[in-house]
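Below: the structure, in structure tokens.
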Amino acid sequence: MTEYVIVGSDSFSRALAKELGTQIIEVNYKKFPDNEIKPTINVDSVKKAIDKKALIVSRTDRSIPDSNKKIWEIGFITDSLIRNGMGSVDILAPYMYYARQDRPALPGEPASLAVVAKTLEDWGYSNIFTVNSHLYGKETTLQDFFSEIKIHDISVSRLFSEYLAGKDLRNPIVLGPGEGPEKMAIELSANLDCDYECLEKTRDLTNQKVSMEPPQADLQGRDLVIYDDISSSGGTIAEIYNLANERNPSRIFLALVHILTHDGIERLQNLWTYEIITTDSLMSDGPKQYTELPLVPLISDYIKAL
Ligand code: R5P
């Protein structure tokens, strides 16, 4: 097992350090009135962990999602760790920033993910751990954007299927968006021992409006699990929900690995689904009207097995 010390100050970082039986390097996330940031590490805890590898935990906040700030934060923390003697630094970003911008879609747009990948390569990591990135199971994977860094794109299908197994599902079917059989839907349906269907989706790139082919399967009286990696505006899931709901299913569960915004959650809540299930890949405060599955047990098992 790789001997990591965890770098971060939130409950997720503490839980991961506890599971891995390791120490933590606390970070004080200072911010100036003009929004410039100065994350500052606890130097005493670095001295105690100097023989280990550092693993920076980076999660953005669902109420004010800010991938740009989080990327700079990773870079600044890395600089402080190296300056203070850490020999090796890796990243755990459960939600992989910019993975949806894997190619320019319209003339004049940048290849943003390639730029982010090049920056992270320059900052010198050996490993990036993430969870169901946007490119998970696709023909072009996240790894294709990196040459020096090993990408660990961990699937959470097991987590969702273990949770859903307790729901006494009746004749379930997994529905997801996709251009063909999608790996996520295949995995979850195999774990639940049921069918799946991927609905072909098109997005108007000028106004972002999503349209979807209606489901072919008979959904009458069945429990549906709508499964997707990311929900941002909630538009994709609302479209699948509305098409499926017209076919008189029984309960509709939304299983969404990363819900990026509070506005998106509100839109999903207005659909009156049976249950919204997500993970704690993003930070979120306050009472929740949805189920949040903790990622730490899955990620710590993965790291322990390395
Ligand atoms: C995109 O291809 C992803 O898998 C999601 O379907 C998408 O990011 C969801 O975005 P929104 O909630 O804005 O429709």
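Before moving on, here are some points about what is shown:
- Residues in the stretch 11-21 that are more than 15 Å from Ala305 (Cα to Cα) and surrounded by fewer than 16 Cβ atoms within 10 Å (Cβ to Cβ): Ser11, Lys18.
- Residue, nearest to Tyr196 (Cα to Cα), within the stretch 146-176, restricted to residues that are of a type in the set (Ser, Thr, Tyr) and part of a loop (DSSP other than H, G, I, E, B): Ser155
- Of all the listed residues (Phe160, Phe146), the sole one being among the hydrophobic types (A, V, I, L, M, F, W, C), over 26 Å from Leu243 (Cβ atoms) and surrounded by 13 or more Cβ atoms within 10 Å (Cβ to Cβ) is Phe146.
- Unique match (being in contact (Cβ under 8 Å) with a residue 40 or more places away in the chain and among the basic types (Lys, Arg)) among Arg247, Arg170: Arg170
- Qualifying residue in the stretch 237-244 (condition: more than 24 Å from Asp168 (Cα to Cα), near the ligand (Cβ under 9 Å from one of its atoms), touching a residue at least 24 places away in the same chain (Cβ under 8 Å) and under 17 Å from the mean Cα position of the chain (by Cα)): no
- Number of positions in the stretch 270-282 that are more than 14 Å from the ligand (Cβ to nearest atom), of a type outside the set (Ser, Thr, Tyr) and in contact with a strand residue (DSSP E or B) (Cβ under 8 Å, 6 or more places away or on another chain): 3
- Residues being touching a helix residue (DSSP H, G or I) at 6+ places or on another chain (Cβ under 9 Å) and more than 16 Å from the ligand (Cβ to nearest atom) - total across the stretch 145-178: 18
- Restricting the stretch 110-131 to residues that are assigned to a helix (DSSP H, G or I) and of a type in the set (Val, Ile, Thr), the residue that is nearest to the chain's Cα centre (by Cα): Val116
- Search result, residues across the stretch 263-290 that are touching a residue at least 24 places away in the same chain (Cβ under 8 Å), within 27 Å of Ile91 (Cβ to Cβ) and exposed (fewer than 15 other Cβ atoms within 10 Å of the Cβ): Asp285
- Flag if Ser231 is of a type in the set (Ser, Thr, Tyr) and surrounded by 18 or more Cβ atoms within 10 Å (Cβ to Cβ): yes
- Leading residue by the ranking (surrounded by the most Cβ atoms within 10 Å (Cβ to Cβ)) among those in the stretch 185-196 that are more than 12 Å from the ligand (Cβ to nearest atom) and under 19 Å from Leu135 (Cα atoms): Leu188
- Any hit, the stretch 211-232, residues being farther than 22 Å from Gly137 by Cα and within 12 Å of the ligand (Cβ to nearest atom): yes
- Selected residue [part of a helix (DSSP H, G or I) and more than 21 Å from Leu20 (Cβ to Cβ)] from Ser80, Ser63: Ser80
- Contact annotation: residue pairs with Cβ atoms under 6 Å, 6 or more positions apart or on different chains, pairing a residue in the stretch 211-231 that is in a strand (DSSP E or B) with a partner that is of a type in the set (Asp, Glu) and near the ligand (Cβ under 10 Å from one of its atoms), are Met212/Glu239.
Where a number appears in this text, it was derived from the coordinates with a stated rule and is not lab data. Every value quoted in this text rests on a predicted model; they were computed, and no experiment measured them. Because the Cβ atoms are built from the backbone with ideal geometry, glycine has one as well, and the counts that use them run over all protein chains shown.
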